[in-house]
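Data block below; observations after.
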Amino acid sequence: MAKQGQHVVRSSSGGWAVKKAGSSRASSVHDTQAEAIKAATRIAQNQKTELYIHGRDGRIRERSSYGNDPHPPKG
């Protein structure tokens, strides 16, 4: 987790965890990925950071920016 922001990752307990980038401890743990995404989205919006959603394989499958996007779309 090299990027700054909130990450939704698989938890060792079998659920899904929300972790701040660079942190070894989870901010929260949830039974489903959807619940973890809701919690992580609220945190990312409040902190104006990125949200990274990891799949079961650990790879980033989706990301959203809630802060200052360095490459805003034109038009």
Task: Subset of region 25-36 (residues that are of a type in the set (Gly, Ala, Ser) and open to solvent by 40 Å² or more (accessible area, probe 1.4 Å)) - done: 26, 27, 34
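Look at region 10-24 and say how many of its residues are closer than 15 Å to residue 43 by Cα and open to solvent by less than 90 Å² (accessible area, probe 1.4 Å).
The number of residues fulfilling the criteria is 5.
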Open item on the list: Restricting to region 3-19, name every residue that is at pLDDT below 95 and within 12 Å of the chain's Cα centre (by Cα).
Closed with: 3, 4, 5
Open item on the list: For the list (1) among the aliphatic types (A, V, I, L, M); (2) part of a helix (DSSP H, G or I); (3) more than 9 Å from the chain's Cα centre (by Cα), I need the number of the one condition that residue 29 fails.
Closed with: (2)
TODO: For region 37-68, enumerate the residues that are open to solvent by 100 Å² or more (accessible area, probe 1.4 Å), over 10 Å from residue 7 (Cα atoms) and not in a helix (DSSP H, G or I).
DONE: 48, 56, 57, 59, 61, 68
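The values are calculated or read from the model by the stated rules, or taken from the named source; none is laboratory data. Bear in mind that the values here come from a model prediction, so they are computed numbers and not experimental data. Please note that ligands, DNA and RNA were not included when accessible areas were found on the heavy atoms of the full protein model with its side chains. Shrake-Rupley method; radii C 1.70, N 1.55, O 1.52, S 1.80 Å.
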